[in-house]
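What follows is one structure encoded as structure tokens, with my remarks underneath.
The values are calculated or read from the model by the stated rules, or taken from the named source; none is laboratory data. This is a predicted model, so every value here is computed, not measured. Here the Cβ positions follow ideal geometry from the backbone for every residue, glycine too, while neighbour counts run over all protein chains shown.
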Ligand code: GCW
């Protein structure tokens, strides 16, 4: 028998009293961040209008997902209005009517056929309408999950103080797979996790289900995330054992009504390590049979299992190359096992085999483009946003747009491995937008990464954006209160990459902290500038991989590691003569992996955006950058600017005291103190290190600004 711990989702949704600015006299009561962006704070003065537009809620349909819609709306309205809005069947002025043409006669009669045809299985129409002569709000969808997304949309409008009286919203997600990628180990640790231990309680599962599993699913679903790979890509084979699969199935059962599907990272050597076979060679029929039987076993337990994510022949993981086979043969082996069940394989392109090319940045492109066309229809190649590894800034990976016949999905990283590890406030929405908006020119202008991912450049059977993600058992889920915004931004941008980073930051701020317009504007500005300032005080002007150790602090002096391409010196190549990696046509020709005119843009020193300067070019210390300064001076300016921006970030946050509850305000401030100190330390250490090569002093005017 399964037992559910007391205090499930609905209960954890107590109301909170932050209202609009005019009402805030005393600081709002302390919060711990557990409720994320689903706090459902009182809408203050707007409450009356909302209540008028929400006299009762009618959810047509009997599925578990319809139950979720009712629970969420009941809990949300109770928290926002101090009493639940009645859930009944009546149609009156101000009813909210939710359903699909199959479940609801009222929805059927509205004849939304054309609109609904366009929104697919997950989209919805949210519209003010007249039904039986009454003004109502309708949430219509083809499937119940679409109606649930629509309900969350309506709640988001109310949480962000937007009007809900004359609505005409038609939404569908831009891509199919919007997945959390957890790097959680079975022993409860999380690789690159900075918010406590793993959420998954393997010892308790499958019999005991933590209420956090429900709250996790609510959070994901509220922003359109429709699946999770729950274990590390450095995969423990035991996840595929009968014992663990029962545990996994229990989680999948909890998440199903929320539309969050289960996926697993598979270890390519599982037939050997788990199955006891003598080989995992994809051409061995016994190996193929083993995977088929394993897939059948999984689907018997989890009928809607999504598929496998695989890290193969990368950083010590086994893979097809171990047996002299290609990545395509490896991926196809698993794809064939999953195909009868409609599962997919997400095969990672994060490979950097030294034999392929001396430059790590070139290797994945070289390996994968030559396999284009060889993958089964249910394989997608999963590509990190940049060609190295989630650096604070990278140009987009040249594989985007380059695979014409193979679906390519994007992997971004919300867990801040290289971006301050939940100690620094770094909102990644801006960085991801820079990536999504980059024009690959694969088929002429407008072939942005976002369009490639949505299958609008090369028609694609599988589309997706996934995120290596950040929640753990910390009460506030993500360690830093602001790191929650990266989970949020991932979901929102995967649903709609056209949203601006500003809009997403604003939504999140209103839902998470306050609807006070001035405070919102201040926090939004802090968030929007935070990524650039982090780049400034860590790796400006196209510098990358200046790291060592645990990837927290830049260590440009790092010149010793088990592999050369894990050092920092391999990338910056600083010497007395200059700094930077020559990837131009005169250098190692990495630029040629991009389509024209992008390759020309990066190749030409004059046109190469300075944010990528030292990524593509090797420059002398006295090279004049666009500002007229020498490269050395510019580098100094960037580092000083970054440290000053970090200090300003903290001051700005402090000015919000009283607008944010004291607890969260203090907890953020404590981390900002670390950020300010780190930024200054990193500036000084890095400039001292590079100064040994440039043999130039730090411009005195910069030093003065600090000494003052
Ligand atoms: O970013 C690097 C990390 C590794 C990680 C690897 C990967 C899961 O440092 O911890 O391993 O990439 O993406 O596979």
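The figures follow:
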quantity: The one condition in (1) part of a loop (DSSP other than H, G, I, E, B); (2) under 30 Å from residue 63 (Cα atoms); (3) within 16 Å of the ligand (Cβ to nearest atom) that residue 309 fails to fulfil; calculated: (1)
quantity: Residue 229 vs. criteria closer than 23 Å to residue 35 by Cα and out of contact with any helix residue (DSSP H, G or I) (no Cβ under 9 Å at 6 or more places or on another chain); calculated: yes
quantity: Candidate set from region 338-353 (those that are more than 16 Å from the ligand (Cβ to nearest atom) and surrounded by fewer than 24 Cβ atoms within 10 Å (Cβ to Cβ)); member that is farthest from the chain's Cα centre (by Cα); calculated: 340
quantity: All positions within region 381-399 that are assigned to a loop (DSSP other than H, G, I, E, B) and either within 15 Å of the chain's Cα centre (by Cα) or closer than 20 Å to residue 233 by Cβ (or both); calculated: 385, 387, 388, 389, 390, 391, 392, 394, 397, 399
quantity: Only one of 377, 407, 398 that is touching a residue at least 40 places away in the same chain (Cβ under 8 Å), touching a helix residue (DSSP H, G or I) at 6+ places or on another chain (Cβ under 7 Å) and more than 16 Å from the ligand (Cβ to nearest atom); calculated: 398
quantity: Any hit, region 207-228, residues being in a loop (DSSP other than H, G, I, E, B) and over 30 Å from residue 381 (Cα atoms); calculated: yes
quantity: Residue satisfying all of: in region 312-333; within 11 Å of the ligand (Cβ to nearest atom) and out of contact with any strand residue (DSSP E or B) (no Cβ under 8 Å at 6 or more places or on another chain); farthest from residue 381 (Cα to Cα) among these; calculated: 316
quantity: Test result for residue 245, part of a loop (DSSP other than H, G, I, E, B) and more than 16 Å from the ligand (Cβ to nearest atom); calculated: no
quantity: Output for region 480-508, where each listed residue is buried (at least 24 other Cβ atoms within 10 Å of the Cβ) and outside any helix (DSSP H, G or I); calculated: 480
quantity: Single condition residue 596 does not satisfy, out of (1) more than 16 Å from the ligand (Cβ to nearest atom); (2) more than 21 Å from residue 396 (Cβ to Cβ); (3) surrounded by fewer than 15 Cβ atoms within 10 Å (Cβ to Cβ); calculated: (2)
quantity: Count of residues meeting criterion [touching a residue at least 40 places away in the same chain (Cβ under 8 Å) and part of a helix (DSSP H, G or I)] in region 578-618; calculated: 11
quantity: Residue that is modelled with pLDDT of 95 or more, within 30 Å of residue 147 (Cβ to Cβ) and surrounded by fewer than 21 Cβ atoms within 10 Å (Cβ to Cβ), where the choices are 219, 249, 288, 228; calculated: 249
